[in-house]
Amino acid sequence: MDFAYSPKTKALQEKLLAFMEEHVYPNEEKLHPEHEGEARWREIPALLEELKEKARKAGLWNLFLPESDLGAGLTNLEYAPLAEIMGRSPVAAEIFNCSAPDTGNMEVLVRYGTKAQKKEWLEPLLKGEIRSAFAMTEPNVASSDATNIATSITRDGDEYVINGRKWWTSGSGDPRCRILIVMGQTDPKNPSPHKRQSMILCPLPHEGVTIIRPLTIFGFDDAPHGHMEVNFDNVRVPASNMLLGEGRGFEIAQGRLGPGRIHHCMRIIGAAERALERLCRRLKERVAFGAPIATQTVWLERIAESRCLIDQARLLTLQAAYKMDTVGNKEARADIAMIKVAAGSMACQVIDWAIQGFGAGGFTDRIMARAYAYARTLRMVDGPDEVHRNQIAKLELRKYGAQDAHRTGGDPIVRMT
C-alpha cells in the first residue's frame, strides 16, 4: 500500500490550507449565528454565502464525490487528507460544499437516483443552493439495530404514505433544507429483515411533516443546521420519489455510510491535530512552579501519546480509504468499522488533554468545546462503537477454525475426556 498523496491532492492541499488561513480561521467567530432566539433558525450569515462563492471560484468545491465526474474526481484516498484540513474548523466543510449530511445524500442521488430525481434535487445540492437531511434514527427503538426502524412507508396508488417519528435528523432545521431522505418499512412481513426497509425522498416543507424540537449536544444546538426531532403524520409523496426500489434501503445505507465514515474520521483527525497544536503552543508559553508547563513530565507524556494516537488513527483511516478504492466498501467493512472506533476515541482523549492543558480557559474555548462535542458524538453516529466492535470481532473470528490450525501455526484444540 502506498499512501503517498497524489500530485493532484498535494496541489489541492496547498490551496485549501491557504484558503483556511486567509478566510476561514479569521472568520470562525463571525460565522456563528448572528441572531438570538428564533431568528437564528431562519437567517444564514451573509458572510457564509460570500465564502462559499470564493471557494467555488478557487476550485475548492464538491471535492468529496468519488467515482463521479460531478466533483473533483478524487478517490476516497485522495479526498481523505482534504477532509482532515476541513475538520480543523467546525465551520469549514460547508464553505466547500463538503458537509454532512449533504455529502452522503448527494452520493445517494448520484448512485441511486433517477434522472428526474437528480435534476430536481442533486443539481441544486451540487450548486450549494439548497441543503438536505437524512432521517433514519428513531426515538422509540434501538436504532443501532437498523432492522428495528419502525416508520412505515405504505403504497397507496401513485403515492407513498409516511408515518413515524425520527430524531437526530441533522440539517432539517436549516431554512435552506428542501429534501429529506427517509428510511422506513415498506414490507414489514418480509422474511428477510434486511429487505423490509426502503428509502424515499420527502420534500420540505411538506404537509404532515412537523419539526418538533432541536436536540442539543452538550448545550450546542448547531443553529441554523440543527439536529431535529421530526414527526411524519400521513405524509404523502409521489411513488416516483422511491429510491432504487422497495426493499433496497439497507443496500443504499451501506453505500452511503461507508464513504461518510471516512469523511467523519478524517475531519475529527483534523480537529484533534489542531487541538494538539494549540496545546503545545499553550504549554510553551505558560509558566507554573517556576518553569514552562511544557517541561513537566506529565505533559511530555500526553503530547507524545497524542502524537502516536493521531498518527495511528490517520494511517488506519487512509488504509480503509485505500481498500474502499481498490476492493470496494464490502471488502473494506472491517477497516471502516475499525476507524470508526479508533478515530472517535482518539479525538476524545486528545481534545480532553488539550482542554486540561488550557486550564480554566479550556472551558471557555468554543472551538475546543465544539470539537469535543463532535468527537463524542462520533462514538455514536453512524453506529455506536459497540456495534462496530462486534462486527470487527465477528469478521476476525471467521478467519479461524479447527481446520485452520495447521495453516496458522495455532495449536489444535485438546478435548478433555
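The values are calculated or read from the model by the stated rules, or taken from the named source; none is laboratory data. If you're wondering where the values come from, they're calculated on a predicted model, not measured in any experiment. Counting neighbours? That spans all protein chains shown, and the Cβs are built from the backbone with ideal geometry, glycine included.
For the reader, a short list of remarks on this structure follows.
- Some residue of segment 126-135 being more than 17 Å from Arg256 (Cβ to Cβ) and among the polar types (S, T, N, Q): no
- Counted residues, segment 222-262 - those being farther than 30 Å from Trp41 by Cβ, within 21 Å of the chain's Cα centre (by Cα) and of a type in the set (A, V, I, L, M): 1
- Some residue of segment 277-294 being touching a Cys at 6+ places or on another chain (Cβ under 9 Å) and not β-branched (Val, Ile, Thr): yes
- Filtered by the rule that a residue be within 22 Å of the chain's Cα centre (by Cα) and in a loop (DSSP other than H, G, I, E, B), segment 205-219 gives Leu215, Thr216, Phe218, Gly219.
- Of the residues Thr137, Thr75, Thr103, Thr114, the single one that is more than 15 Å from Met20 (Cα to Cα), of a type in the set (Val, Ile, Thr) and surrounded by fewer than 16 Cβ atoms within 10 Å (Cβ to Cβ) is Thr114.
- Any hit, segment 259-276, residues being of a type in the set (Asp, Glu), within 23 Å of Glu386 (Cα to Cα) and part of a helix (DSSP H, G or I): no
- Qualifying residues in segment 157-199 (those that are β-branched (Val, Ile, Thr) and in contact (Cβ under 8 Å) with a residue 60 or more places away in the chain) - the one surrounded by the fewest Cβ atoms within 10 Å (Cβ to Cβ): Val161
- Residues in segment 146-156 that are in contact (Cβ under 8 Å) with a residue 40 or more places away in the chain and not hydrophobic (A, V, I, L, M, F, W, C) were compared, and the one that is nearest to Leu378 (Cα to Cα) is Thr147.
- Breaking point among (1) in contact with a strand residue (DSSP E or B) (Cβ under 9 Å, 6 or more places away or on another chain); (2) under 22 Å from Asp365 (Cβ atoms), for Asn234: (2)
- Here is the figure for segment 207-235: residues that are under 24 Å from Gly247 (Cα atoms), of a type outside the set (D, E, K, R) and surrounded by fewer than 15 Cβ atoms within 10 Å (Cβ to Cβ) total 1.
- Whichever residue in segment 142-176 is of a type in the set (A, V, I, L, M, F, W, C) and in a loop (DSSP other than H, G, I, E, B) and, among such residues, is farthest from the chain's Cα centre (by Cα): Ala150
- Of the residues in segment 259-277, not one is under 23 Å from Leu16 (Cα atoms), out of contact with any Ser or Thr (no Cβ under 7 Å at 6 or more places or on another chain), crowded, with 17+ Cβ neighbours inside 10 Å and free of Cβ contacts under 8 Å to residues at least 60 places away in the same chain.
- Test: residue in segment 129-147 that is basic (Lys, Arg), modelled with pLDDT of 95 or more and within 26 Å of Ile217 (Cα to Cα): yes
- Selection count, segment 295-349, where residues are of a type in the set (A, V, I, L, M), in a helix (DSSP H, G or I) and more than 26 Å from Ala373 (Cα to Cα): 2
- For segment 295-330, the set of residues classified as in contact (Cβ under 8 Å) with a residue 40 or more places away in the chain, closer than 13 Å to Ala354 by Cα and either of a type in the set (Lys, Arg) or in contact with a Gly (Cβ under 6 Å, 6 or more places away or on another chain) (or both) consists of Arg302 only.
- For segment 174-193, the criterion of being touching a helix residue (DSSP H, G or I) at 6+ places or on another chain (Cβ under 8 Å), outside the structural domain of Asp102 (by TED's automatic domain parsing) and on the phi > 0 side of the Ramachandran plot is satisfied by no residue at all.
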